[in-house]
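Structure, as structure tokens:
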Amino acid sequence: MQHFFVTTDQVKKPYIYIEGSDVNHMRNVLRMKQGEQVSVSDGDNHMFLCRVDSYEKDRAVLEILEEEASDTEPVSKIYLFQGLPKGDKMEWIIQKAVELGVYQVVPTAMKRCVVRLDEKKAEKRTARWNEIARGAAKQSGRGRVPAVSRVVGFQEALSMAEELDIVLIPYELAAGMEHTRQVMEEIKPGQSVGIFIGPEGGFEKEEVCRAAEAGAKEITLGRRILRTETAGLAVLSILMYHLEDAFLDV
């Protein structure tokens with residue numbers, strides 16, 4: 001079943017009005033006919049089962065059949081502070097992070113980042129990244145579209161992370177797996193979690209020290225060095241398994 005996102009002002013019970021590029025996608029790409037069913041999220045954790053009622057000039061009219069609270073959103077808000085990678089790796093990272101349940105992605109400029117974006121390029125990239133997030137949220141049936149923030153510097157990222165309950169920084173020189181397991185097991189459902197991931201060249205030691213001084217916990221992901229596009233997804237996968245499993249056991 002096709003899944004769409006709307007804003008709360010597009011929900012006018014008993015109808016939902018689809019606008020923008022989604023109208024063309026429904027009418028001309030998917031060729032959806034009157035009576036076909038779709039699922040819709042209002043981005044505020046409400047899910048609607050609808051059927052196509054009609055098409056107007058610039059919008060599609062959907063009749064609401066059922067409404068329920070979304071059960072696809074994780075119990076904890078997880079923020080990925082991703083060091084800017086080369087090429088189109090960021091698009092892939094965002095897509096997979098959204099599928100796994102990330103709450104927000106924060107592209108972060110770090111000392112070893114090869115990519116340097118001026119304001120105009122950063123603005124265009126951010127718009128593109130948010131489109132990637134929206135598409136991934138549709139595909140995975142999320143109850144909301146995770147935001148991709150503007151590009152921030154490392155110090156600003158640390159300041160943002162101060163508001164979170166737990167902050168993790170995977171680092172190849174961190175203590176052994178037992179310490180990491182203990183840190184992970186102490187994270188409770190409902191707590192907000194930040195994950196800092198370095199770019200291709202990894203973190204500068206100074207950055208790790210600054211993060212630790214700000215309260216971040218160093219963890220290891222094992223004896224192998226993971227690529228920047230793998231490390232964050234590995235942590236997200238571990239956290240999702242742990243937090244959703246713990247939530248089900250409550």
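The values are calculated or read from the model by the stated rules, or taken from the named source; none is laboratory data. Source: prediction; values computed, not measured. We place every Cβ from the backbone using ideal geometry, glycine too, and count neighbours over all the protein chains shown. Heavy atoms of the whole protein, side chains included, go into the accessibility calculation; ligands, DNA and RNA do not. Shrake-Rupley method; radii C 1.70, N 1.55, O 1.52, S 1.80 Å.
With respect to (1) open to solvent by less than 20 Å² (accessible area, probe 1.4 Å); (2) over 30 Å from Arg134 (Cβ atoms), the lone exception for Gly201 is condition (1). In segment 49-75, the qualifying residues are those that are in contact with a strand residue (DSSP E or B) (Cβ under 6 Å, 6 or more places away or on another chain) and under 30 Å from Gln191 (Cβ atoms), and the one that is most open to solvent (accessible area, probe 1.4 Å) is Glu68. So in segment 206-219, with the set limited to residues that are farther than 19 Å from Leu84 by Cβ and charged (D, E, K, R), which one is least open to solvent (accessible area, probe 1.4 Å)? Step by step, filter segment 206-219, then rank; the result is Glu218.
What number of residues within segment 110-129 satisfy the criterion of being in contact with a Leu (Cβ under 9 Å, 6 or more places away or on another chain) and within 15 Å of Lys89 (Cβ to Cβ)? Within segment 110-129, residues that are in contact with a Leu (Cβ under 9 Å, 6 or more places away or on another chain) and within 15 Å of Lys89 (Cβ to Cβ) number 6. Out of the residues in segment 84-129 that are among the hydroxyl-bearing types (Ser, Thr, Tyr) and in contact with a Phe, Trp or Tyr (Cβ under 8 Å, 6 or more places away or on another chain), which is least open to solvent (accessible area, probe 1.4 Å)? Selected residue: Thr108. Would you tally the residues in segment 5-28 being within 20 Å of His46 (Cβ to Cβ), within 25 Å of the chain's Cα centre (by Cα) and hydroxyl-bearing (Ser, Thr, Tyr)? Of the residues in that region, 2 qualify. Pairs are defined by a Cβ separation below 9 Å, a sequence spacing of at least 6 or placement on different chains, a first member in segment 14-25 that is touching a residue at least 12 places away in the same chain (Cβ under 8 Å), and a second member that is assigned to a strand (DSSP E or B) and charged (D, E, K, R); the pairs so defined are Pro14/Glu63; Tyr15/Asp53; Tyr15/Glu63; Ile16/Glu63; Tyr17/Arg59; Ile18/Arg59; Glu19/Arg59; Val23/Arg59. Across segment 68-86, the qualifying residues are those that are in contact (Cβ under 8 Å) with a residue 24 or more places away in the chain and in a strand (DSSP E or B), and the one among them that is farthest from Val152 (Cα to Cα) is Ala69.
Number of residues in segment 6-48 that are closer than 18 Å to Glu131 by Cα, touching a helix residue (DSSP H, G or I) at 6+ places or on another chain (Cβ under 7 Å) and open to solvent by less than 30 Å² (accessible area, probe 1.4 Å): the value is 2. Contact annotation: residue pairs with Cβ atoms under 6 Å, 6 or more positions apart or on different chains, pairing a residue in segment 130-155 that is more than 16 Å from Tyr103 (Cβ to Cβ) and open to solvent by less than 40 Å² (accessible area, probe 1.4 Å) with a partner that is in a helix (DSSP H, G or I) and small (Gly, Ala, Ser), are Val151/Ala122.
In segment 220-244, of all residues being under 21 Å from the mean Cα position of the chain (by Cα) and not in a helix (DSSP H, G or I), the one that is surrounded by the fewest Cβ atoms within 10 Å (Cβ to Cβ) corresponds to Arg227.
Once segment 81-130 is narrowed to residues that are touching a Ser or Thr at 6+ places or on another chain (Cβ under 9 Å) and of a type in the set (S, T, N, Q), the residue that is nearest to Arg142 (Cα to Cα) is Gln104.
Confirm whether Val52 is more than 28 Å from Ala147 (Cβ to Cβ), β-branched (Val, Ile, Thr) and over 26 Å from the mean Cα position of the chain (by Cα). In short, yes. The set of residues from segment 23-37 being of a type outside the set (D, E, K, R) and under 20 Å from Lys57 (Cα atoms) comprises Val23, Asn24, His25, Met26, Asn28, Val29, Leu30, Met32, Gln34, Gly35. Tell me yes or no: at least one residue of segment 176-189 is out of contact with any His (no Cβ under 9 Å at 6 or more places or on another chain), β-branched (Val, Ile, Thr), more than 23 Å from Lys89 (Cα to Cα) and surrounded by 14 or more Cβ atoms within 10 Å (Cβ to Cβ). There is at least one residue in segment 176-189 that is out of contact with any His (no Cβ under 9 Å at 6 or more places or on another chain), β-branched (Val, Ile, Thr), more than 23 Å from Lys89 (Cα to Cα) and surrounded by 14 or more Cβ atoms within 10 Å (Cβ to Cβ).
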